[in-house]
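First up is the structure itself, then whatever we jot down about it.
The values are calculated or read from the model by the stated rules, or taken from the named source; none is laboratory data. Remember, predicted model here, so these are calculated numbers, not experimental data. Backbone-built Cβ (ideal geometry, glycine too); neighbour counts: all protein chains shown. Heads up: the accessible areas ignore ligands, DNA and RNA and are worked out on the full protein's heavy atoms, side chains in. Shrake-Rupley method; radii C 1.70, N 1.55, O 1.52, S 1.80 Å.
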Amino acid sequence: MALPRYAAVTGWGHYAPEKVLTNKDLEGMVDTSDEWIRTRTGICERRVAAAHETTASMCSIAARCALESANLASLDLDLVICASTTPDTLMPATGSLIQDAIGAANAGAFDVNAACTGFVAALVMGSQFIQSGAYDRVLVVGGETLSRFVNWKDRNTCILFGDGAGAVVLEAADEECGLLSFVLGSQGSGGPLLDIKAGGAAKPASPETIAANEHYITMRGNEIFKFAVRSMVHASGEALAKANLHAEDIRMVIPHQANVRILRATQQALGIPWERVFVNVDRYGNTSAASVGIALSECAEMGTMQPGDNVLFVAFGGGLTWASAVLRWADISSIIARRGEGPYAI
Ligand code: UT7
C-alpha cells in the first residue's frame, strides 16, 4: 500500500508596490475621511501598482521570493497555480505569464478565479496535486491589480482595495503536515452583490459599457459584510470539525483581510483570542486573492509558526464564495535537509 503523502508549505514570499495611498490622500479624491475609513474598516493605507506593474509582474516577484525561501530553483517546480480576479489578460492565463517570467520550464500553469477566496482555493487545489502523488512541488500565488478596476470616484469601493501578491511553495513530505481539512463553498445567486458587470462574454466591453462605468467593481457592502461573518464562522467551524480540532488547538488564524470589523466579529464568534488572528488590513487594505498569501508570508516571516502548529485559513468573496482550510505547519528544515534523498529527490 502506498504511504500517505502530505503537502508541506516550505517557502513563502510577497510583494507590495512601493506607492502608498493613505486615507488622507483619499480625502482629496472622494467625500470621505480618515476617521470614517479607520473606524468602519480598520484600513490606514493601501498600495497601488505603478504604471509598469501588473498582476503577473507582482506575482513573479512574490514567486521568486517564495522559491528563494524554500531554497528551490524555478526548474524544480511541477506546477504554477495563480489565483486572481484581475489577470493581466483574459488569455493567456496569468499563471503562464508567471511560469515564463520565473523560468519554470518544467511546470504546467493555470489560473483560478474565486475572487477573494482564490488563494485558499488554490492552496487546497495545489495540496491535492501533491497528496494524490501527481506532483512534488507546486507554486501557489495570488495577485491582484485592483486599482485598475476600481472606480476612483466611488467612495463605497475605492477606499477598500489595494494591489499586491503573495506566494507559497508546497512540497511533498511523508510526515504528517500540510492540509488536514478544507471547505469550499459557493452561492452563485449572490453574484450581483459584488461584481464587474462588463468586459466578459455576457457583456463585452463597448463605448456604452465604459460610459456606464460597468468595467469597474460594484459592491453592496453592507450585505457582503453580513455574508462575510456568517460564511467565515461557519466554514471555520466545519474545517475544524473535519480536522478533529477545536478553536484552542489553533496557533494562528490567517483570514482574508477585508475589514477589521469582519475579523473581530468572526474571531469573537469562534472564541479564538484576538492575538491569534493575523491582521495586516491596516497596511494593505483588501487585496482580494492576494490577501491570504501576503498575510501567510508576513506571518511565516515573523517565525510565528512552529513545526506541528495548526493554522486556520478562511476567506470569503465575490461569487459569492467562501473557503477554509486547516494546515499543520511542517518541520521545514528537515524537509529541506532530506531533499537529496528518498522519493522526492531533486
Ligand atoms: O472581499 C470582499 C469585498 N468586500 C467587502 O469585504 C465589503 C464588506 N463590507 C464592508 O466592509 C462595509 O460594509 C463597508 C466598509 C463597505 C461599509 O461600512 P458600513 O458600516 O456597512 O457602512 P454602510 O454601507 O452601511 O454606510 C454607512 C454610511 C452611508 O451613509 P448614510 O446612508 O448612512 O447617510 C454611506 O453612504 O456611510 C456612508 N459611506 C461613507 N462615508 C464616508 C459609505 N462609504 C463611505 C466613505 N466615506 N468611504
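This table checks each residue for (1) within 16 Å of the ligand (Cβ to nearest atom); (2) over 20 Å from the mean Cα position of the chain (by Cα); (3) among the small types (Gly, Ala, Ser).
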residue: Thr86; (1), (2), (3): yes, no, no
residue: Ala93; (1), (2), (3): no, no, yes
residue: Asp111; (1), (2), (3): no, no, no
residue: Ala114; (1), (2), (3): yes, no, yes
Checked against (1) hydroxyl-bearing (Ser, Thr, Tyr); (2) closer than 30 Å to Ile196 by Cα; (3) more than 12 Å from the ligand (Cβ to nearest atom); (4) out of contact with any Leu (no Cβ under 8 Å at 6 or more places or on another chain), Ser334 satisfies every condition except (2)
When Asp31 is run through (1) in a loop (DSSP other than H, G, I, E, B); (2) of a type in the set (D, E, K, R); (3) open to solvent by less than 40 Å² (accessible area, probe 1.4 Å), the failure sits at (3)
In the set Thr218, Thr209, the lone residue that is open to solvent by less than 30 Å² (accessible area, probe 1.4 Å) and more than 29 Å from Pro273 (Cβ to Cβ) is Thr209
Within the range 24-38, of all residues that are over 27 Å from the mean Cα position of the chain (by Cα) and in contact (Cβ under 8 Å) with a residue 40 or more places away in the chain, the one farthest from the ligand (Cβ to nearest atom) is Met29
>> Suppose the filter is touching a residue at least 24 places away in the same chain (Cβ under 8 Å), within 16 Å of the ligand (Cβ to nearest atom) and over 17 Å from the mean Cα position of the chain (by Cα); does Thr41 pass it?
In response: yes
| field | Test for Arg283: is it within 19 Å of the chain's Cα centre (by Cα) and open to solvent by 50 Å² or more (accessible area, probe 1.4 Å) | value | yes
Across the range 1-28, the tally of residues that are in a strand (DSSP E or B) and under 23 Å from Phe119 (Cβ atoms) stands at 13
In the set Val138, Val150, the lone residue that is touching a residue at least 24 places away in the same chain (Cβ under 8 Å) and closer than 26 Å to Leu327 by Cα is Val138
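Each row is one residue, and each column tells you yes or no for (1) of a type outside the set (D, E, K, R); (2) within 30 Å of Leu90 (Cα to Cα).
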site: Ala8; (1), (2): yes, no
site: Asp25; (1), (2): no, no
site: Trp36; (1), (2): yes, no
site: Arg40; (1), (2): no, no
site: Ala50; (1), (2): yes, yes
site: Ala63; (1), (2): yes, yes
Checked Ala289, Ala265, Ala315 against criteria (closer than 25 Å to Thr85 by Cβ, open to solvent by 10 Å² or more (accessible area, probe 1.4 Å) and of a type in the set (A, V, I, L, M, F, W, C)); the one match is Ala265
The number of residues in the range 148-160 that are open to solvent by 10 Å² or more (accessible area, probe 1.4 Å), among the hydrophobic types (A, V, I, L, M, F, W, C) and within 8 Å of the ligand (Cβ to nearest atom) is 1
How many residues of the range 292-312 are open to solvent by 10 Å² or more (accessible area, probe 1.4 Å), assigned to a helix (DSSP H, G or I) and in contact with a Cys (Cβ under 9 Å, 6 or more places away or on another chain)? The answer is 0
If we keep only residues of the range 236-262 that are among the polar types (S, T, N, Q) and buried (at least 23 other Cβ atoms within 10 Å of the Cβ), then the residue farthest from the ligand (Cβ to nearest atom) is Ser236
Margin query: When you check Gly142 against the structure, is it out of contact with any Leu (no Cβ under 7 Å at 6 or more places or on another chain), of a type outside the set (Ser, Thr, Tyr) and crowded, with 20+ Cβ neighbours inside 10 Å, yes or no?
Written below: yes
